[in-house]
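The values are calculated or read from the model by the stated rules, or taken from the named source; none is laboratory data. Because the structure is predicted, anything quoted here is derived from the model rather than measured. Here Cβ is always computed from backbone atoms with ideal geometry, including for glycine, and neighbour counts include all displayed protein chains. Quick note on the areas: whole protein, heavy atoms, side chains included, nothing else; ligands and nucleic acids left out. Shrake-Rupley method; radii C 1.70, N 1.55, O 1.52, S 1.80 Å.
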Amino acid sequence: MKRVGIIGTGIMGADHARLLTEAVSGAVVGGVFDLDADRAAGVAAASGGARVFEDPHELINDAEIDAVLIASSDATHEEFALACIEAGKPVLCEKPLAPTVEGCARILEAEDRFGARLITVGFMRRFDPGYNDLKRRLGEGAIGVPLMLHNVHRNPANAPGQPDAGLITNSAVHELDITRWILDEEIVEVAVHAPRKTSHGGGTQDPQLLILRTESGAISDVEVFVNARYGYEVRCELVGELGTVTLDSPRPTTLRRGGVTGRELPGDWRPRFAEAYRLELQDWVDGAGGGASAWDGFAATFVARACVAALASGERHEVSLPPVPKIYR
Ligand code: NAI
């Protein structure tokens, strides 16, 4: 039985703790730490009485903790990931691996020095049954050579006044990863268009339209709209030479009421990707290695940085990733 230590017990940390306790085999929550001690105590109690640590580094280095899940705020990921590598412990680090390219690079270097992969990055869409079906059909040749990927990423509402870059680094970063994963190639050029702003974003440039070109010349476009009001929705359509595959909101039932027929949408990402989070955690606990690597985390932050620059300049930006370190090949 693996004893997982969780750093950060906010929305994601609490959800991961619940899944580890109720829905994943082979692991228990062995300890938790959060700057908010009450929050940590609540999650520990709900996880069968896990130990509440007073210091995150004590948790990381404790002999009773076998692996660490980092679900604290973005800016803290680097410090904790580096400490886990130093301690030789496997990590599931929520996205982003680190908010800066330099921070991600330091983690890559540390892992390279350690000589084996310890880090998995929480790009859970790689475990979503719908995305997997789409990738399988592409792999089987069902639609021929892929030409375009159209992505839609909408949230009902966000805190007003979010920095413009946040739509890229917090939200569209999932599509940066999923584009690389589905098409199995790197993004080499980006442009970001800024349409008329919604009046519901408190001045934030919302929505945004990202255009990503890959090595083979395929284009992936991403509409990211975090104050779309009506619900949480992620969709995409992969267009190939012979046909298309569409990923729709996975709702098995259709509601008919008040003269309208349709599918209900969740209020946020947790119900939409519940199965993906569960499968991601199970894969990580099993040590199966199906998740995104530190290199994938680095690449996502690298492309996100180019997108932020492209949004500011209004120009296309080339993306030139450094060579892939040996341990990720
Ligand atoms: P949250 O704000 O609900 O929780 C963050 C927690 O981290 C808070 O409880 C806070 O007290 C704690 N914290 C802050 N600094 C800390 C430190 N130095 N040491 C320990 N704890 C600290 O945020 P949320 O939504 O749970 O996000 C957590 C992480 O998960 C973020 O990195 C975020 O980007 C990522 N995330 C990933 C999603 C996914 O779909 N994979 C979805 C939403 C968030």
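What the table below lists for this structure:
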{"quantity": "Pair list, Cβ under 7 Å, 6 or more apart: region 145-173 residue under 15 Å from T204 (Cα atoms), other residue of a type in the set (K, R)", "calculated": "P156/R229; A157/R229"}
{"quantity": "Criterion: under 21 Å from S320 (Cβ atoms) and charged (D, E, K, R) - qualifying residue of E223, E237, E175", "calculated": "E175"}
{"quantity": "Residues of region 196-245 that turn out to be within 13 Å of P146 (Cα to Cα) and of a type in the set (S, T, Y), as a count", "calculated": "4"}
{"quantity": "Answer residue from region 2-31, given it is farther than 14 Å from E64 by Cα, without any contact (Cβ under 8 Å) to a residue 40 or more places away in the chain and open to solvent by less than 60 Å² (accessible area, probe 1.4 Å) and is nearest to the ligand (Cβ to nearest atom) among those", "calculated": "A14"}
{"quantity": "Filtered residue count, region 179-213, keeping only those that are crowded, with 21+ Cβ neighbours inside 10 Å and under 19 Å from A299 (Cα atoms)", "calculated": "8"}
{"quantity": "So H57, is it open to solvent by less than 30 Å² (accessible area, probe 1.4 Å) and within 11 Å of the ligand (Cβ to nearest atom)", "calculated": "no"}
{"quantity": "Selection count where residues are surrounded by 18 or more Cβ atoms within 10 Å (Cβ to Cβ) and either more than 15 Å from C93 (Cβ to Cβ) or of a type in the set (S, T, Y) (or both), scope region 286-303", "calculated": "4"}
{"quantity": "Selection from region 134-144 of residues that are in contact (Cβ under 8 Å) with a residue 24 or more places away in the chain and open to solvent by 50 Å² or more (accessible area, probe 1.4 Å)", "calculated": "K135, R137, A142"}
{"quantity": "Residue match in region 99-106 (condition: touching a residue at least 12 places away in the same chain (Cβ under 8 Å), on the phi < 0 side of the Ramachandran plot and touching a strand residue (DSSP E or B) at 6+ places or on another chain (Cβ under 8 Å))", "calculated": "no"}
{"quantity": "Among residues of region 111-126, those that are at negative phi and open to solvent by 10 Å² or more (accessible area, probe 1.4 Å), counted", "calculated": "8"}
{"quantity": "First in region 64-77 and farther than 16 Å from D34 by Cα and open to solvent by less than 10 Å² (accessible area, probe 1.4 Å), second anywhere and β-branched (V, I, T) and within 12 Å of the ligand (Cβ to nearest atom), Cβ under 6 Å, 6 or more apart", "calculated": "none"}
{"quantity": "Residue selected from region 32-42 under the condition farther than 19 Å from D62 by Cα and more than 9 Å from the ligand (Cβ to nearest atom), by the criterion surrounded by the most Cβ atoms within 10 Å (Cβ to Cβ)", "calculated": "G42"}
{"quantity": "Those strands (runs of 3 or more DSSP E) lying entirely in region 231-329 with at least 1 residues in contact with a Leu (Cβ under 8 Å, 6 or more places away or on another chain) and either outside the structural domain of D74 (by TED's automatic domain parsing) or in contact (Cβ under 8 Å) with a residue 24 or more places away in the chain (or both)", "calculated": "233-240, 244-247, 260-262"}
{"quantity": "So P96, is it outside the structural domain of A288 (by TED's automatic domain parsing), within 29 Å of E275 (Cα to Cα), open to solvent by less than 20 Å² (accessible area, probe 1.4 Å) and not hydrophobic (A, V, I, L, M, F, W, C)", "calculated": "yes"}
{"quantity": "Residue match in region 82-102 (condition: farther than 23 Å from G297 by Cα, among the aliphatic types (A, V, I, L, M) and within 15 Å of the ligand (Cβ to nearest atom))", "calculated": "no"}
{"quantity": "When residues of region 1-52 are limited to those that are among the basic types (K, R) and more than 19 Å from W284 (Cα to Cα), the one farthest from the chain's Cα centre (by Cα)", "calculated": "R51"}
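For (1) among the acidic types (D, E); (2) within 16 Å of the ligand (Cβ to nearest atom); (3) in the same structural domain as A300 (by TED's automatic domain parsing); (4) over 25 Å from L279 (Cα atoms), each residue gets a yes or a no:
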{"residue": "D66", "(1), (2), (3), (4)": "yes, no, no, no"}
{"residue": "H77", "(1), (2), (3), (4)": "no, yes, no, no"}
{"residue": "S171", "(1), (2), (3), (4)": "no, yes, yes, no"}
{"residue": "D177", "(1), (2), (3), (4)": "yes, yes, yes, no"}
